[in-house]
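Let me begin by presenting the structure, written as structure tokens, before commenting on it.
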Amino acid sequence: MKTRNTMPRVPLALAAAAIMTMGLSACGTSGADTDGGSLSVGVFFPGSITDTGFMESGYLGYQQLEKTLGDRVELSYVEQVSPADYQQALQRFASENELVISVGGQTDADVRKVAPQFPDVKFVEIGGPSDAEPMDNLAYYDPQQAEAEFLSGAVAAASSTSGAVGFVGGVELPAIVNAARAFANGATFARPDVKVLNPQYVGDFNDPAKAKQAAGTAYAGGADVLGQIVNLGKQGIEQAGRDSGNRMVGGPIPGDCANTVYAGFVRTDIGTEIEYAVTSTLADTWTAAQVPFGFTTDKGGSDFIPCSADPAVTKALTDAEAALVSGAVEPY
């Protein structure tokens, strides 16, 4: 296995300078060197691969590919890129690889600009808009976080002693807004009389201080269990919960239920989607389409792990799962 970590853990200013030094411009083909027939793959992580969230979940899949596919795949990745540098970083990857995987809907506008410049390169965006129109060489993989957040809302409501729950999101992207709606719907599905506070968006997935402030506001407003999609921001919510004696839902990487601040964990396996992109390309079954993952698909990628054996919580989760699978309810 040849792993080309082209820009790992490079300070953003240096990363941008390195990209500029490449002298990249729009072009029609990839400069990928398949090195004896191996598939060259670049995975673009705009955030930190140690964020205990969306990015790290994807990186776990990246590492799994390193272990399982041997010399069939030549992998590289970049992490922690400033939004201003997304387009240049994607162009660099497209000039070096046959498959480019971009993790996070915040990259959508730039992916859609770059993909037409490299028609011979396959692009996959994970977590982009679920209603986005695929392009000739651009597929969208939808983790359907809303399904998992519906379950999260059900468990949060069943776990609440105050009768109020809330949700803290990072960037107000369509997928995050839909997840917040699904959380609210799951909460009222499990407990029609529960009060669901308006969701709070902190404008950043990785700012613990802002997330802590948002969580503190929600706890002060009466919520005693919070759902969230904030990656590193979870640290702030956890601290706010611990300080106030309240709880939260963790994830997307499950943690330890011995930490009593957690009512449960959403499990969203972004790595599954990275692996799918690579294996379908190798098998020549890759298609430029909207591809759903998640709890109700045969591809899996999400579930919910409760931290309580309370019968009311167990029933709420079981009923919510059954309603999703049967199609009796829509997450949002």
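A short reminder: the numbers here are calculations on the coordinates, not readings from a lab. What you see is a predicted model; the values in this text were computed from it and never measured. Cβ: placed from backbone, ideal geometry, glycine included. Neighbour counts: every protein chain shown.
In Å and whole numbers, how far do the C-alpha atoms of the range 270-320 stretch along each principal axis, longest first?
47, 16, 12
For labels at residue 284 and residue 161 in the simple 7 Å Cα→Cβ model, what's the distance in nm?
With each label point 7 Å from Cα toward Cβ, the separation is 6.2 nm.
With θ set to phi - 60°, apply the Karplus curve 6.51 cos²θ - 1.76 cosθ + 1.60 along the range 153-168 and write out the HN-Hα couplings as whole Hz, x wherever there is a Gly or Pro.
Ordered by residue, 3J(HN,Hα) equals x, 4, 5, 4, 5, 5, 8, 6, 9, 7, x, 9, 9, x, 9, 10 Hz.
Could you derive backbone 3J(HN,Hα) for the range 175-183 from the dihedral phi with the Karplus parameters 6.51, -1.76 and 1.60 (θ = phi - 60°), listing whole Hz in sequence and x where the residue is Gly or Pro?
After applying 6.51 cos²θ - 1.76 cosθ + 1.60, I find 5, 6, 4, 5, 5, 5, 5, 5, 4 Hz.
Which percent, nearest 5, of DSSP beta bridges in the chain are antiparallel?
15 percent
log₁₀ I(q)/I(0) of the range 106-167 at q = 0.17, 0.21, 0.22, 0.30 Å⁻¹, via Debye over equal Cα point scatterers, no solvent, to two decimals?
Debye output, listed in q order: -0.64, -0.79, -0.84, -1.22.
Taking H as built 1.01 Å from N, whose amide H comes closer than 5 Å to the amide H of residue 250, not counting residues under 5 places away?
Correct list: 263, 264, 265, 266.
Report the extension gain between residue 242 and residue 71 in nm, rounded to one decimal, defined as 0.36 nm multiplied by the number of residues separating them, less their alpha carbon distance.
Working: separation 171, 0.36 × 171 = 61.56 nm, distance 4.69 nm.
Contour length minus Cα-Cα distance gives 56.9 nm.
Non-local amide H neighbours of residue 101 (under 5 Å, H modeled in plane, Pro and chain starts lacking H): which ones?
Sorted by chain and number, the residues that satisfy this are 42, 43, 44, 124.
How high is the FRET efficiency between residue 120 and residue 298 when r is their beta carbon distance and R₀ equals 30 Å, given to the nearest 0.05?
Details: r = 30 Å, r/R0 = 1.01.
My answer for the efficiency is 0.50.
With n ≥ 4 as the cut-off for DSSP H runs, can you work out [θ] at 222 nm for the chain, using -39500 (n - 2.57) per run divided by the number of residues, rounded to the nearest 500? Working shown, then result.
On the way: 10 runs with 128 residues, N = 332.
Value at 222 nm, helices only: -12000 deg cm²/dmol.
Using just the C-alpha positions of the range 166-260 as equal point scatterers, what log10 of I(q)/I(0) does the Debye formula give at each q in 0.13, 0.16, 0.20, 0.23 1/Å?
-0.38, -0.59, -0.93, -1.22
Using packing as a proxy for protection, rank 234-241, 47-54, 182-189 so that the peptide with the highest average count of other Cβ atoms within 10 Å comes first.
182-189, 234-241, 47-54
Which whole number of Å³ per residue matches the convex hull of the alpha-carbon atoms in the range 50-139?
101 Å³
Applying a 10 Å radius around every beta-carbon, put 315-323, 211-219 in order of their mean neighbour count, most first.
Values: 315-323: 18.0, 211-219: 23.6.
The densest-packed peptide leads the list: 211-219, 315-323.
How do the peptides 252-259, 144-151, 163-170, 299-306 rank, highest first, by the average count of neighbouring beta carbon atoms within 10 Å per residue?
Numbers: 252-259: 15.1, 144-151: 30.0, 163-170: 25.9, 299-306: 20.4.
Going by the mean number of other Cβ atoms within 10 Å, highest first, we get 144-151, 163-170, 299-306, 252-259.
Spelling out what I want: for every residue of the range 209-214, take phi, set θ = phi - 60°, compute 6.51 cos²θ - 1.76 cosθ + 1.60 (Karplus), and round to whole Hz; glycine and proline get x.
Residue by residue, the range 209-214 yields 5, 5, 5, 4, 5, 5 Hz.
How many Å³ per residue does the convex hull of the Cα positions in the chain occupy?
Roughly 122 Å³ of hull volume per residue.
Which length gain, in nm to one decimal place, applies between residue 63 and residue 133 when the Cα-Cα distance is subtracted from 0.36 nm times their residue separation?
22.2 nm
What residues qualify as long-range amide H neighbours of residue 300, i.e. H under 5 Å apart, gap of 5 or more or another chain, H built at 1.01 Å from N?
294
Output the pairs from 210/315; 67/299; 234/299; 67/122; 67/210; 113/299 with a Cα-Cα distance over 32 Å in this structure; if there are none, say none.
The pairs that break the limit, which is 32 Å between Cα atoms, are 210/315; 67/210.
Please give the length that would be gained between residue 209 and residue 329 if that part of the chain were fully extended, namely 0.36 nm times their separation in residues minus their C-alpha to C-alpha distance (nm, one decimal).
Using 0.36 nm per residue and subtracting the Cα-Cα distance, I get 39.6 nm.
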